[in-house]
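Novice: Have a look at this one.
Nothing in this text is a laboratory measurement; each read-out follows from the coordinates by a stated rule. Everything numeric in this text was worked out from a predicted model, so none of it was measured. Neighbour counts run over all protein chains shown; Cβ positions are idealised from the backbone, glycine included.
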Protein chains: 2
Amino acid sequence: MKKNEIYLGTSNQNKVKEAAAVLSLYGIKLIHYPLERVEIQSDNLKEIATFSLKNIQENIPIVIEDAGLFINKLKGFPGPYSSYVLEKLGNPGILKLMEYEKERSAQYISELAYRDETGIYNFQGVVEGSLSTNIRGNNGFGYDPIFIPNEGDGRTFGEMSDIEKNNLSHRSRAFKTLGKWLTQ
Amino acid sequence: MKKNEIYLGTSNQNKVKEAAAVLSLYGIKLIHYPLERVEIQSDNLKEIATFSLKNIQENIPIVIEDAGLFINKLKGFPGPYSSYVLEKLGNPGILKLMEYEKERSAQYISELAYRDETGIYNFQGVVEGSLSTNIRGNNGFGYDPIFIPNEGDGRTFGEMSDIEKNNLSHRSRAFKTLGKWLTQ
């Protein structure tokens with residue numbers, strides 16, 4: 001067991017909740033480290049998360065997540081700018097851009113940058129899916145009400161319980177990989 | 001005269017051309033400093049330009065521009081992410097988002113961060129306008145073919161000559177302010 005307690009640097013309570021549920025399966029306690037991150041503009045989530053990590057001076061085991069929705073037909077938009085685009089256009093804006101579009105495939109990607117006294121390590125989680133044509137469900141957050149995972153039963157993440165979503169999601173996959181690695 | 005020669009840090013040749021034309025009116029030579037910038041994610045163009053400037057180590061008089069199109073109906077989208085959004089959605093994507101929308105007002109904003117041995121200085125240029133309903137004209141670059149300045153005659157920047165655009169544009173206004181200040 002490398003660590004049984006780590007910090008998650010974020011301003012997003014939803015991320016804390018989802019990640020804590022996953023890491024608890026590995027006996028790891030996740031502590032919220034409130035953080036308004038300095039993020040760079042980049043097409044690369046890993047680069048963004050790692051850059052943010054390097055701006056944290058405190059010497060604690062800490063993980064930063066950068067996540068995004070990548071829509072193939074829109075060349076990966078909104079990708080690393082998913083939070084900004086959600087705030088400005090919302091799910092209705094995405095559905096408007098994708099109106100009449102048949103090719104609706106997309107990926108949700110979560111990139112983790114973790115640092116402790118031994119170095120910096122990166123982990124990734126991906127879930128393949130497609131976009132719904134309308135907003136469905138009130139669970140989850142972000143683009144969950146328009147994202148239908150391929151391995152599901154046709155429901156959006158917004159229509160799934162927390163446990164169902166955590167079974168499939170990009171975030172849970174990334175944090176599972178981190179959890180396994182921490183308990184090796 | 002504070003300086004008669006300064007550098008512009010950018011990867012965008014169009015910006016160099018437009019800015020050089022303006023500064024030449026003040027007897028200032030603009031030299032292209034090729035630069036892939038490190039940009040932070042921020043709603044604030046001034047903050048983005050200033051951050052990029054601080055990443056340049058060389059001790060030369062240099063200016064960085066960050067510019068964006070702010071569409072009021074879309075809460076300022078695409079704003080600081082104008083380049084990224086243009087690459088992914090293009091002008092057709094913006095027109096799609098604004099389809100059937102009557103309130104089409106927008107601003108083009110240019111923020112300059114200039115540094116020499118005496119300090120860092122900021123300058124701004126703004127042009128008010130509205131979005132066309134179709135793509136018009138092949139001049140300029142970026143969102144020029146869909147941006148109609150209020151002080152013009154109804155044509156988009158894309159339909160104007162370089163001189164006409166430079167008479168009205170956010171970029172020329174910012175660089176005029178800089179030019180005046182440098183020649184004080």
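Novice: Which number in (1) surrounded by fewer than 16 Cβ atoms within 10 Å (Cβ to Cβ); (2) part of a helix (DSSP H, G or I) marks the one condition that B:VAL126 misses?
Specialist: B:VAL126 satisfies every listed condition except (2).
Novice: How about segment A:2-42: which of its residues are assigned to a strand (DSSP E or B), free of Cβ contacts under 8 Å to residues at least 40 places away in the same chain and within 23 Å of A:TRP181 (Cβ to Cβ)?
Specialist: Answer for segment A:2-42, where residues must be assigned to a strand (DSSP E or B), free of Cβ contacts under 8 Å to residues at least 40 places away in the same chain and within 23 Å of A:TRP181 (Cβ to Cβ): A:LYS29, A:LEU30, A:ILE31, A:HIS32, A:TYR33.
Novice: Confirm whether B:SER82 is more than 10 Å from chain A (Cβ to nearest Cβ), within 17 Å of the chain's Cα centre (by Cα), part of a helix (DSSP H, G or I) and at negative phi.
Specialist: yes
Novice: Could you say whether any residue in segment A:54-75 is among the aliphatic types (A, V, I, L, M) and out of contact with any helix residue (DSSP H, G or I) (no Cβ under 9 Å at 6 or more places or on another chain)?
Specialist: Looking through segment A:54-75, at least one residue is among the aliphatic types (A, V, I, L, M) and out of contact with any helix residue (DSSP H, G or I) (no Cβ under 9 Å at 6 or more places or on another chain).
Novice: Just give me the residues in segment B:34-90 being farther than 24 Å from B:GLU128 by Cα and charged (D, E, K, R), in sequence order.
Specialist: B:GLU36, B:ARG37, B:GLU39, B:LYS54, B:GLU58, B:LYS88
Novice: Going through segment B:43-72 one residue at a time, which ones are within 17 Å of B:VAL126 (Cβ to Cβ) and not in a helix (DSSP H, G or I)?
Specialist: B:ASP43, B:ASN44, B:GLU65, B:ASP66, B:ALA67, B:GLY68, B:LEU69, B:PHE70, B:ILE71
Novice: Any idea how many residues of segment B:5-45 are charged (D, E, K, R), buried (at least 17 other Cβ atoms within 10 Å of the Cβ) and more than 13 Å from chain A (Cβ to nearest Cβ)?
Specialist: The qualifying residues number 2.
Novice: Those residues that are more than 14 Å from chain A (Cβ to nearest Cβ) and in contact with a Leu (Cβ under 9 Å, 6 or more places away or on another chain), I need them from segment B:85-115; list them, please.
Specialist: B:ARG104, B:SER105, B:GLN107, B:TYR108, B:ILE109, B:SER110, B:GLU111, B:LEU112, B:ALA113, B:TYR114, B:ARG115
Novice: Which residue, of B:ILE120, B:ILE135, B:ILE146, is more than 14 Å from every other protein chain (Cβ to nearest Cβ) and exposed (fewer than 15 other Cβ atoms within 10 Å of the Cβ)?
Specialist: Going through B:ILE120, B:ILE135, B:ILE146 in turn, the sole match is B:ILE120.
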